[in-house]
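The values are calculated or read from the model by the stated rules, or taken from the named source; none is laboratory data. What you see is a predicted model; the values in this text were computed from it and never measured. Note that we place each Cβ from the backbone using ideal geometry, even for glycine, and neighbour counts take in every protein chain shown. Note: accessible area is taken over every heavy atom of the protein model, side chains too, but ligands, DNA and RNA are not part of it. Shrake-Rupley method; radii C 1.70, N 1.55, O 1.52, S 1.80 Å.
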Amino acid sequence: AGKTDGKGQYRFFEASQSRLIQSRLQLKHRLLEAIELDQFVLYYQPRVDAFTGEVCSMEALVRWIHPQHGLVSPLEFIPMAETTGLILRIGEMVMEKACRQIDAWRRQGLPVVPVSINVSPKQFARGEVHRQLAVYLDRHQVPASLLEVEITESAMMGEQEDVLAELGAIRALGVKLHVDDFGTGYSSLSQLQKLKMDVLKVDRAFTSELGNSREGRVFFQAIVSMAHALGMSVVAEGVETAEQLCILQELGCNEVQGYYLARPMPAADIPAVLEQGLRSSVVPAKAGTHTEP
Ligand code: C2E
Ligand code: MG
Ligand code: MG
Ligand code: MG
């Protein structure tokens, strides 16, 4: 199958093709091979200040460049990587690639913004994330303030002492902690505050409800007020429309991320974003000049 679209970028293979790597055993073998052949790349999706459009950070999202299928979404292989334990190797590889990339952008003299990486519950449970982070930050001479870690609520459901120790050790490095997909698990905001999480990333499911119902808006408002009262900053995931962005600005949501602002993109596209910014999509244009993307 063709691997690239007109712009010379990889595109995702069709969902129907996932049959081709559906056999679990086959997928496991292919994944192992992919790790050995280094067939993974990181895409980056900006996260921007909801009011100024300034790029605050970029989320690293892993993709598998499959020799036959092209770009494979993490949704297709992270679950298998989790059950086979291969996520430990993939996770470490993501840390290494992210640190290497930050260093490369710095050398190019680009404006520095942090990169956030996703850490899976399996990885987190090993209690080695802080140690691995220290290794790769040091190897690439990257200051810890340029790296952020996203973990889901479910990852923090283990033995409280172990969870507290690992979170504390990550924070002690100077790496900020984000709760990913907030609202899809069972943790309370007070629990998350006790764990000293810095940022709440509210799941896309809640963002998509914003324009649809009063309840959706009221719910989001409650999250924002409580998070702020507890000293946490709020990011809305999955912002797809100008209307959602507008409501989020009214609610005082700090940062936004989503297709309306920018899709995940290859590292090569990031310099232009860092140099030009995304302000035009955030700051409401003067009457009459506003155009939908
Ligand atoms: P996530 O961390 O919650 O990342 C957000 C996902 O939503 C990304 O999907 C992103 O492309 C997508 N997204 C962003 N904005 C929008 C939007 O406006 N609308 C819609 N419909 N989707 C949007 P992606 O890249 O396919 O990643 C899916 C999940 O795979 C991630 O969810 C994360 O849980 C996992 N993942 C990705 N990279 C890694 C990694 O390096 N390590 C681990 N452990 N998990 C990863
Ligand atoms: Mg994430
Ligand atoms: Mg998320
Ligand atoms: Mg999500």
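Side notes on the structure shown:
- Segment 134-280 - share of DSSP beta bridges that are antiparallel (%, nearest 5): 0 percent
- Taking ARG217, ARG30, ARG171 as the candidate residues, the one with maximal mean-square fluctuation in a Gaussian network model of the chain, Cα springs under 10 Å, is ARG30.
- Within the chain: Cβ-based charge dipole about Cα centre, in debye rounded to nearest 20 (Lys, Arg +1; Asp, Glu -1): 500 debye
- The slack between GLN68 and ALA268, meaning 0.36 nm per residue of separation minus the straight C-alpha distance, is 69.7 nm.
- Label-zone membership for segment 38-71, site ALA104, 7 angstrom Cα→C-beta point, backbone N under 18 Å: 38-46, 58-66, 71
- Shape of the chain, Cα gyration tensor, a/c cut at 1.5: rounded
- Per-residue ellipticity at 222 nm from helix content only, as computed over the chain with -39500 (n - 2.57) for each DSSP H run of at least four residues, stands at -12500 deg cm²/dmol.
- Taking VAL199, VAL72, VAL119 as the candidate residues, the one with maximal mean-square fluctuation in a Gaussian network model of the chain, Cα springs under 10 Å, is VAL72.
- For segment 136-147, 3J(HN,Hα) per residue [Karplus equation, 6.51 cos²θ - 1.76 cosθ + 1.60, θ = phi - 60°, Hz, x = Gly/Pro]: 6, 4, 5, 4, 9, 6, 9, x, 4, 5, 9, 10
- Of PRO74, PRO264, PRO114, the one that fluctuates the most in a GNM where the chain has Cα springs shorter than 10 Å: PRO74
- Environment charge at ASP203 (Cβ cut-off 13 Å; Lys +1, Arg +1, Asp -1, Glu -1): -4
- Sparsely packed GluC sites (Glu not before Pro) within segment 113-200, loop by DSSP, other Cβ within 10 Å at most 10: GLU159
- Global geometry of segment 152-262, whether rounded, prolate or oblate, following the gyration tensor of its Cα atoms and the 1.5 cut on a/c: prolate
- In nm, spacing of pseudo-spin labels at VAL135 and TYR259 (7 Å Cα→C-beta vector): 3.8 nm
- Protein accessible area in the chain, 1.4 Å probe - carbon and sulfur %: 52 percent
- Spin-label proximity, PHE51 to segment 241-278 - amide N less than 17 Å from point 7 Å beyond Cα toward beta carbon: 245-257
- Legend: calculated FRET efficiency, GLU96 to HIS29, from the Cβ-Cβ distance at R0 = 30 Å, rounded to 0.05, equals 0.85.
- For segment 29-183: rounded, prolate or oblate by the Cα gyration tensor [a/c cutoff 1.5]: rounded
- Counted residue by residue at 0.36 nm each, then reduced by the alpha carbon distance between them, the extension gain from THR83 to VAL218 reaches 44.8 nm.
- For the chain, the relative contact order is 19 percent, taking Cα pairs closer than 8 Å that sit 6 or more residues apart in sequence and dividing their mean separation by the residue count.
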